[in-house]
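Engineer: I'd like to ask some things about the structure below.
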Amino acid sequence: MSGNHVVYGFLRPYSESILPEHELEILHYESNPPPDDILQQGAVSVPLSDHYRNWAKRTLWETTKFPSLVRERKSDVVLTVSGALIPRCPVPQAVLCQNPWCYRPIVHRNWKERLKARLQRVGYSKAFQHAGLMLYISDHLRSLYAADNQGRKECPHEIAYVGLNEDTFEAAREHADLSRDPYSILSVSAMAAWKGAHTLVDAVAILRKRDIPATLRLVGPWPDSDYEQRIRNQVNSLKLADAVEILGRVSDEELHRQYAINQVYALPSHCESYGIPAAEAMAFGTPIVSTNCCAIAEICQPAGLFGPVEDPQWTADALQELLTNQTNWQTLSEAAKTRAATLTWQECVKPFSKIERLATGS
């Protein structure tokens, strides 16, 4: 879902800017067609069988079949959204970089994922050096590429922050008068182990020992059932059943309400290339608590507190500051809304204007 948000979020205003003067063809899996509004603007759908969703099969298809497709369709430029170059592509490539996963060993659960990460790093390295244009969704992500390619020449690049959808801004306006639940903390993400839900639960336990009646709401799917059970056991062992709600997936309407009624958004994550939920929370004026090792600190810097990962004590201190210091909370809340207002798709898509130059070599 976040991938669709990013790619089609950029392509909506980008297609408006280039069509019909230029042509835009979108290669996609059959089960994941482009949104109708982009096709209605004149973009062309080019479906690919879901058989190639497996990364190894997709890589083989890209290497052996994609170059012929490019020639057949007489494409001038290719925008790939995988973070890597497509091998043997006969035209210049712009590369949209979204994923820091391969640079974070903590998220690799087995030898297959470690092998995949190693191969991705090789592909990312080639893109870092040889792409016509690299588009990173944060400078943090660019720094991960650069750190893995020290001493190698870097190709042209731009930072293109991810925009917020208009319905997020509309919901924030509609919910502006809702009351905040006292001492409430919201965390929204796919709740993988590296997202730090365990750190938040420990932090809530610390706050409760300080007689601060903090509550925590965890919103989002659990890709690892063992980790979900770990968190449920942790909640029970700390006697926090009345303090921690595990809500799972919720509707967009309920998600917007949660952004509006909680005092703080928190995600003590090891690995974020951007942090879409944190940016969305800012639109509702909700201050952020997160780590300084991921992109959330960059995206939300004026609107939150950012510290070490895997540190329940620091996290509890930061949460306490924003749950109990109304003056500081108000300052960061206003900063959050101001920052979010800059993250419109019309503004964020501007670096994409350089893609057309690849076709002319200018």
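Engineer: Which of the residues belonging to segment 303-327 are in a helix (DSSP H, G or I), in contact with a helix residue (DSSP H, G or I) (Cβ under 8 Å, 6 or more places away or on another chain), under 15 Å from Y265 (Cα atoms) and of a type outside the set (A, V, I, L, M)?
Structural biologist: The answer is T315, Q320, E321.
Engineer: Something else now. Just need a number here: residues in segment 19-42 that are among the hydrophobic types (A, V, I, L, M, F, W, C) and touching an Asp or Glu at 6+ places or on another chain (Cβ under 7 Å).
Structural biologist: Adding up the residues that qualify gives 0.
Engineer: I've got another one for you. One residue is enough: does segment 331-349 have a residue meeting the conditions among the small types (G, A, S) and not in a helix (DSSP H, G or I)?
Structural biologist: Within segment 331-349 (the criterion being among the small types (G, A, S) and not in a helix (DSSP H, G or I)), the answer is no, since none of the residues qualifies.
Engineer: Considering only residues that are modelled with pLDDT under 95 and of a type in the set (A, V, I, L, M), which ones fall in segment 50-80?
Structural biologist: Those that are modelled with pLDDT under 95 and of a type in the set (A, V, I, L, M): A56, L60.
Engineer: Another question about this same structure. Please indicate, with yes or no, whether at least one residue in segment 86-93 is surrounded by 17 or more Cβ atoms within 10 Å (Cβ to Cβ) and among the aliphatic types (A, V, I, L, M).
Structural biologist: Yes, the conditions are met somewhere in segment 86-93.
Engineer: Provide a single number: the residues in segment 181-207 that are surrounded by 24 or more Cβ atoms within 10 Å (Cβ to Cβ) and of a type in the set (D, E, K, R).
Structural biologist: Final tally of qualifying residues: 1.
Engineer: Let me ask something else about it. Within segment 1-21, restricting attention to residues that are out of contact with any Gly (no Cβ under 8 Å at 6 or more places or on another chain) and among the polar types (S, T, N, Q), which residue is surrounded by the fewest Cβ atoms within 10 Å (Cβ to Cβ)?
Structural biologist: N4
Engineer: Just the residues that are in contact with a strand residue (DSSP E or B) (Cβ under 8 Å, 6 or more places away or on another chain) and either part of a helix (DSSP H, G or I) or surrounded by fewer than 21 Cβ atoms within 10 Å (Cβ to Cβ) (or both), please, taken from segment 133-151.
Structural biologist: D139, L141, R142, Y145
Engineer: If you check every pair at least six apart or on different chains, which have Cβ atoms under 7 Å apart with a residue in segment 302-323 that is in contact (Cβ under 8 Å) with a residue 12 or more places away in the chain first and a residue that is aromatic (F, W, Y) second?
Structural biologist: G307/W314; P308/W314; L322/W329; L323/Y183
Engineer: Next up: Taking the options E113, E158, E154, name whichever one is without any contact (Cβ under 8 Å) to a residue 12 or more places away in the chain, surrounded by 12 or more Cβ atoms within 10 Å (Cβ to Cβ) and not basic (K, R).
Structural biologist: Details: E158 fails: without any contact (Cβ under 8 Å) to a residue 12 or more places away in the chain; E154 fails: without any contact (Cβ under 8 Å) to a residue 12 or more places away in the chain.
Matching residue, one of E113, E158, E154: E113.
Engineer: From the set of residues in segment 255-274 that are out of contact with any Pro (no Cβ under 6 Å at 6 or more places or on another chain) and among the small types (G, A, S), which is farthest from V289 (Cα to Cα)?
Structural biologist: The selected residue is A260.
The values are calculated or read from the model by the stated rules, or taken from the named source; none is laboratory data. These numbers come from a predicted model, not from an experiment. Note: ideal-geometry Cβ built from the backbone for every residue, glycine included; neighbour counts use all protein chains shown.
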